[in-house]
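One structure is given below, encoded as structure tokens.
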Amino acid sequence: MSKILMKGNEAIGEGAVRAGCRYFFGYPITPQSELTHYLAKRLPEVGGLFLQAESEVASINMVYGAAAAGARVMTSSSGPGISLMQEGLSFLAGSELPSVVVNLMRGGPGLGNIAPSQSDYFQAAKGGGHGDYHMIVLAPNTVQEMLDTMGNAFDLADKYRNPVMVMADGVMGQMMEPVDLGGDVRVEIPPKSWATTGMAHHAGKNVINSCLVIPEEMEELNLKLEKKYKEISQKEQVCDEYMLEGADIVLVAFGLVSRICMSAVEKARAMGIKAGLIRPVTLWPFPAGFIGKTADKTRAYLTVEMNMGQMIEDVKLAVCGRAPVYHYGRLGGMVPDVRDVLAEIKNLHEGDAGR
Amino acid sequence: MKKVFSRPRSLKDVPFHYCPGCTHGVAHRLVAEVIDELGIQDNVIGNAPVGCAVFTMDYFDFDMISAAHGRAPAVATGVKRVLPDRVVFTYQGDGDLAAIGTGEFVHAAVRGEKITCIFINNAVYGMTGGQMAPTTLLGQKTKTTPYGRDSEVNGYPIKVCEMLTPLDGAAYVARVAVHSPKAIIQAKKAIKKAFQVQINGLGFSLVEILSTCPTNWGLTPLEAVKWLDENMIPYFPLGEYKVPPAGVI
């Protein structure tokens, strides 16, 4: 199959269609607009529905209803819109409804801007909404992976009956890269005997609910969720490594920034500095297992993020004090420059007592 | 002997948690009777609100979804768009529908969403302990309007049926009450019509049911019925505000 040139936003849309998603509910926001434009055209071609809601609050609750009805369904947004969806995400987690939410992150806080950012890491990986819950969070770093990750996102959502967030940023949504669409698409959507489709369509009465007023019953649900999250954490941690062989300075970066870090690592290696890169592909569960195993061989870690230092907390937990962990970040929609990342690596290599 | 009265099949044989004199139970029963009579128990999906009716999922004997506060019309939209041949309804109180959920029910009506909203207006927040609702009458004392609702501070009670009437997507809009046998018979007719409008694919339907809340009104059940008649009905006139053209249902 020959490759075609696609924008990241379009690749997410096509990936969703190829994953069997037939329902999209959303509200306009930059920089994810092309995703909605793409699906507004594409979904009717495959008998699906694109519905523009009156707000992100309504969008996520339409997702909740469609998921309760057993459909593969998604929404997408950015920054402020994702903030408005937090109540709904908590409900999706509490009611265990499989669904996929895409966040093309932009500069914040507040209205911020429409430039790329990774400042919603905490919101996605640590909760965001109320209550004890986790979303599975996936962070692709190429347009090809943005396409491919959608199938994985829907499969994980169905497998664990859990909301899944796909995180990228404004640049990744806008940038074009060649994409291989692959061969024939065969999607197997598992049967959903729990879905509220009407009693004529399943055994007994189905209820979708997260309201358990008796604390003993609510704790039981919490324990069930905790068990599920532990299983996900054990089975689904994914990361990529780049030039990690013999590395004593290990960069940790996800999404767009990991691409910049690959260049910085190459340049550092050319200068004789043993640098390498770990790229978390799943932000939750965080690949703490793999990172932890590198701690004894690593002199120092450097997380590079488009935020004030959010993922660094998870790297520190994984390293558990066995090596120093530093952070380099650009903020407010600014993208790290390869030269600046390289300078940070050189500082660490040269002893870096002053940090 | 011939059995002439029994519990609707769509209602479970469990005691309601509602306070004495509360008319939620009457409204539940009417919805269940209509669902039985239309023969749709196996193809209906209900959406419960946040508020006193949060436990409707335990009372109705068909598939139920618990929605976030105010969001039931959006949730119902998601269900109906995936399952257009099912009957989907919401059951919401005045705080749920007419305050926090104003955007959701209005835009469901704007879209002509083929769902039915059963809207319980008892002029007060019940579950949280008697605070001012968007439908609380001027001068009415609640826990958060201890001196009576003052229009200078809190504005005016919201008239949901009147708001919906000009919207093209709203196919059937009616306001009824459940404070007397006569009113209850009329309420049931309106609920049935609202579901028929949905089944016939005509658009959005909503039935506002004026209800009592003796506990939070600080009245006896009998006084509450009288208060509804004398205070709520003059401000919220009963009737069909929007009906489909003759002959379509």
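Side notes on the structure shown:
- The residue that is surrounded by the fewest Cβ atoms within 10 Å (Cβ to Cβ), counting only those in segment B:86-109 that are farther than 24 Å from B:Arg29 by Cα and more than 7 Å from chain A (Cβ to nearest Cβ), is B:Thr102.
- Residue ranges of strands (runs of 3 or more DSSP E) in segment B:159-249 with at least 1 members under 13 Å from B:Ala123 (Cβ atoms): B:170-177, B:204-210
- So B:Ala171, is it touching a Pro at 6+ places or on another chain (Cβ under 9 Å), of a type in the set (A, V, I, L, M, F, W, C) and modelled with pLDDT of 95 or more: yes
- Residue match in segment B:64-80 (condition: facing chain A (nearest Cβ under 8 Å) and among the hydroxyl-bearing types (Ser, Thr, Tyr)): yes
- Residue check for A:Glu266: free of Cβ contacts under 8 Å to residues at least 24 places away in the same chain and charged (D, E, K, R): yes
- Number of positions in segment B:51-63 that are facing chain A (nearest Cβ under 8 Å) and not acidic (Asp, Glu): 3
- Considering segment A:282-296, the residues that are surrounded by fewer than 21 Cβ atoms within 10 Å (Cβ to Cβ) and aliphatic (A, V, I, L, M) include one that is farthest from A:Val315 (Cα to Cα), namely A:Ala295.
- Residue within segment B:87-104 that is of a type in the set (A, V, I, L, M, F, W, C) and farther than 24 Å from A:Glu87 by Cβ present: yes
- Picking from residues in segment A:215-265 that are small (Gly, Ala, Ser) and more than 24 Å from the chain's Cα centre (by Cα), the one that is nearest to A:Met172 (Cα to Cα) is A:Ala247.
- One residue stands out in segment A:194-247 among those that are assigned to a loop (DSSP other than H, G, I, E, B) and away from chain B (no Cβ under 14 Å): the one that is surrounded by the most Cβ atoms within 10 Å (Cβ to Cβ), namely A:Ala247.
- A:Glu188 fulfils the conditions (1) of a type outside the set (Phe, Trp, Tyr); (2) over 30 Å from A:Thr30 (Cα atoms); (3) away from every other protein chain (no Cβ under 14 Å); (4) touching a strand residue (DSSP E or B) at 6+ places or on another chain (Cβ under 8 Å) except for a single criterion, (4).
- Of residues in segment B:28-50 being of a type in the set (Gly, Ala, Ser) and more than 20 Å from B:Ala98 (Cβ to Cβ), the one nearest to the other protein chains (Cβ to nearest Cβ): B:Gly39
- Failed item, numbered, when B:Asp63 is tested on (1) under 17 Å from the mean Cα position of the chain (by Cα); (2) surrounded by 24 or more Cβ atoms within 10 Å (Cβ to Cβ): (1)
- Restricting the search to strands (runs of 3 or more DSSP E) fully inside segment A:1-93 and requiring at least 2 residues that are closer than 23 Å to A:Asp132 by Cα gives A:73-77.
- All positions within segment A:297-311 that are surrounded by fewer than 24 Cβ atoms within 10 Å (Cβ to Cβ) and either not assigned by TED's automatic domain parsing to the domain that holds A:His327 or not charged (D, E, K, R) (or both): A:Thr298, A:Ala300, A:Asn307, A:Met308, A:Gly309, A:Gln310
- Verdict on A:Val166 being crowded, with 17+ Cβ neighbours inside 10 Å and within 14 Å of chain B (Cβ to nearest Cβ): no
- Taking segment B:156-180 as the range and being closer than 18 Å to B:Leu137 by Cβ and more than 16 Å from the chain's Cα centre (by Cα) as the test, the residues that pass are B:Tyr156, B:Pro157.
- All of B:Ser6, B:Ser10 fail the test of being more than 9 Å from chain A (Cβ to nearest Cβ), more than 16 Å from the chain's Cα centre (by Cα) and surrounded by 21 or more Cβ atoms within 10 Å (Cβ to Cβ), apart from B:Ser10.
- Of the residues A:Ala318, A:Ala343, the single one that is surrounded by fewer than 22 Cβ atoms within 10 Å (Cβ to Cβ) and at pLDDT 95 or above is A:Ala343.
For every residue, the table says whether it meets (1) of a type in the set (Gly, Ala, Ser); (2) more than 17 Å from B:Asn216 (Cα to Cα).
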| site | (1), (2) |
| --- | --- |
| B:Leu83 | no, yes |
| B:Phe89 | no, yes |
| B:Ala99 | yes, yes |
| B:Cys117 | no, yes |
| B:Asn121 | no, no |
| B:Thr145 | no, no |
| B:Asp168 | no, yes |
| B:Val173 | no, yes |
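- Only listed residue being touching an Asp or Glu at 6+ places or on another chain (Cβ under 7 Å), closer than 25 Å to B:His69 by Cβ and of a type outside the set (Asp, Glu), chosen from B:Pro214, B:Pro134, B:Pro157: B:Pro134
- Top-ranked residue in segment A:94-105 [being on the phi < 0 side of the Ramachandran plot and in a loop (DSSP other than H, G, I, E, B); ranked as farthest from the other protein chains (Cβ to nearest Cβ)]: A:Pro98
- In segment A:36-73, residue nearest to the other protein chains (Cβ to nearest Cβ) [restricted to those that are closer than 18 Å to A:Gln123 by Cβ and in contact with a strand residue (DSSP E or B) (Cβ under 8 Å, 6 or more places away or on another chain)]: A:Val63
The values are calculated or read from the model by the stated rules, or taken from the named source; none is laboratory data. Treat the numbers as computed from the prediction; the structure is a model and nothing was measured. Neighbour counts run over all protein chains shown; Cβ positions are idealised from the backbone, glycine included.
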